[in-house]
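Written out below as structure tokens is the structure these notes cover.
The values are calculated or read from the model by the stated rules, or taken from the named source; none is laboratory data. Keep in mind that what you see is a predicted model, and the values were worked out from it rather than measured. Cβ coordinates were reconstructed from backbone atoms using ideal geometry, including for glycine residues, and neighbour counts include every protein chain displayed. Remember, those area values only see protein heavy atoms, side chains included, never the ligands or the DNA or RNA. Shrake-Rupley method; radii C 1.70, N 1.55, O 1.52, S 1.80 Å.
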Amino acid sequence: MANTYNVTEFIFLGLSPNQEVQRVCFVIFLLLYVAIILGNSLIVLTVLTSRSLGSPMYFFLSYLSFVEICYSSTIVPRLISDLLAERKTIPWWGCMTQLFFLHFFGGVEIILLTVMAYDRYVAICKPLNYTTIMNWQMCMVLVGMAWVGGFVHSFAQVLLIFQLPFCGPNVIDHYFCDVLPLLELPCSDTFLIGLMIVANGGTLNVISLSVLLTSYMVILLHLRTRSSEGRRKALSTCGSHITMLMLFFVPGVFIYLRPSTTLPADKMVAVFYTVVTPLLNPVIYSLRNAEVKKAMKRLWTREMKLEKRE
């Protein structure tokens, strides 16, 4: 059911009503967004150009970095521009579009993190069969499943919001369109829709968390039979993945796996998973991974040599 009611646009209250705070935030978020784009693009470029990073783990990492760029670009550019705007408005269709891509790329990222955990499980627990199980056809299938899963999740979320009657209030106490703030605006009871939205997000999160926890529990049990050097290398790799999981899932669980109500802390938590997590992704995976650091150095050296020749 299309929006046939009298709301044609929504108004964001933003992060803060204070003009000075908004100007400071503009500079901070602009710099952070540039760092997100450059850092994650560097990982994508490094994986694509380095022969030493040809394993499935780095293939999935490059996709994760690409999704991080898309995910933050759904929210942050709009946030930056609104920080200098007196009236922060977004058209009804623009709000639905932002909502769709927010949950689309978020869903893809959740599934990709789950796939990366499965990849580490196979690499550590079934090393002799790793190349057979995680062949390139399987890698493409798993990435395809992530995109399809993200689309299905997001389509369901938007479909539930799409049919709500927005016939009066249009002020969103947030800096982007999301399901929980929007549920406070319709002129009808949203209890059932809210439960369905939580169930949709909860199903994706619970399934992913179950696979993740099972994979890492099996890995930790398996590592007891490894040498100290083997345990160190495996834990170093898994440590990066677990850190990213905590950074992404903890805020997500706080926001989406609870009754459909908004809390004062929601904006700050949202800043964490829309800005901080994409920013930390390249830092975590590059600083904790010797192969990635070496590949980045080789890429930098190669670029410097090309510039000297020119």
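Right, Thr237: of a type in the set (Ser, Thr, Tyr), out of contact with any strand residue (DSSP E or B) (no Cβ under 7 Å at 6 or more places or on another chain), in a helix (DSSP H, G or I) and modelled with pLDDT of 75 or more or not? So Thr237 does not fit the description; no. Scanning the range 152-184 for residues that are over 22 Å from the mean Cα position of the chain (by Cα), at pLDDT 90 or above and more than 16 Å from Pro264 (Cα to Cα) yields a single hit, Asn170. Residue count for the range 254-310 under the criterion of being modelled with pLDDT under 75, assigned to a helix (DSSP H, G or I) and either in contact with a strand residue (DSSP E or B) (Cβ under 9 Å, 6 or more places away or on another chain) or charged (D, E, K, R) (or both): the result is 6. Taken over the range 171-192, the criterion of being surrounded by 17 or more Cβ atoms within 10 Å (Cβ to Cβ) and either free of Cβ contacts under 8 Å to residues at least 40 places away in the same chain or assigned to a loop (DSSP other than H, G, I, E, B) (or both) is satisfied by His174, Tyr175, Phe176, Cys177, Asp178, Leu183, Leu185, Pro186, Thr190. Confirm whether Ile37 is part of a helix (DSSP H, G or I), touching a residue at least 24 places away in the same chain (Cβ under 8 Å) and either of a type in the set (Ser, Thr, Tyr) or closer than 26 Å to Met96 by Cβ (or both). It is true that Ile37 is part of a helix (DSSP H, G or I), touching a residue at least 24 places away in the same chain (Cβ under 8 Å) and either of a type in the set (Ser, Thr, Tyr) or closer than 26 Å to Met96 by Cβ (or both).
Quick check on this structure: which one of Ile80, Ile75 is at pLDDT 95 or above and open to solvent by less than 10 Å² (accessible area, probe 1.4 Å)? Exactly one residue qualifies, and that residue is Ile75.
Select from the range 42-54 the residues that are open to solvent by 50 Å² or more (accessible area, probe 1.4 Å) and touching a residue at least 24 places away in the same chain (Cβ under 8 Å) and write down the one among them that is farthest from the chain's Cα centre (by Cα).
By that ranking, first place goes to Ser52.
Here Val108 passes the criteria (1) modelled with pLDDT of 95 or more; (2) buried (at least 22 other Cβ atoms within 10 Å of the Cβ); (3) under 19 Å from Val269 (Cα atoms) except the one numbered (3).
Quick one: would you say Gly107 is of a type in the set (Gly, Ala, Ser) and either touching a residue at least 60 places away in the same chain (Cβ under 8 Å) or assigned to a loop (DSSP other than H, G, I, E, B) (or both)? Yes: the conditions hold for Gly107.
All of (1) modelled with pLDDT of 90 or more; (2) surrounded by fewer than 18 Cβ atoms within 10 Å (Cβ to Cβ) hold for Ile90 with one exception: (2). Of all residues in the range 183-219, those satisfying the criterion of being more than 20 Å from Phe162 (Cα to Cα) and either of a type in the set (Val, Ile, Thr) or touching a helix residue (DSSP H, G or I) at 6+ places or on another chain (Cβ under 6 Å) (or both) are Thr203, Leu204, Val206, Ile207, Ser208, Val211, Leu212, Thr214, Ser215, Val218, Ile219. Taking (1) among the β-branched types (Val, Ile, Thr); (2) over 17 Å from Ala85 (Cβ atoms); (3) modelled with pLDDT of 95 or more in turn, Val24 satisfies each apart from (2). Which of the residues spanning the range 12-28 are open to solvent by less than 80 Å² (accessible area, probe 1.4 Å) and either outside any helix (DSSP H, G or I) or closer than 23 Å to Asn170 by Cβ (or both)? Phe12, Gly14, Leu15, Ser16, Asn18, Gln22 - these are the residues of the range 12-28 that are open to solvent by less than 80 Å² (accessible area, probe 1.4 Å) and either outside any helix (DSSP H, G or I) or closer than 23 Å to Asn170 by Cβ (or both). Condition first: polar (S, T, N, Q), open to solvent by less than 30 Å² (accessible area, probe 1.4 Å) and in a helix (DSSP H, G or I). Can you find one or more residues in the range 112-131 that meet it? There is at least one residue in the range 112-131 that is polar (S, T, N, Q), open to solvent by less than 30 Å² (accessible area, probe 1.4 Å) and in a helix (DSSP H, G or I).
Of all residues in the range 209-234, those that are open to solvent by less than 70 Å² (accessible area, probe 1.4 Å), at pLDDT 75 or above and closer than 14 Å to Ile124 by Cβ total 6.
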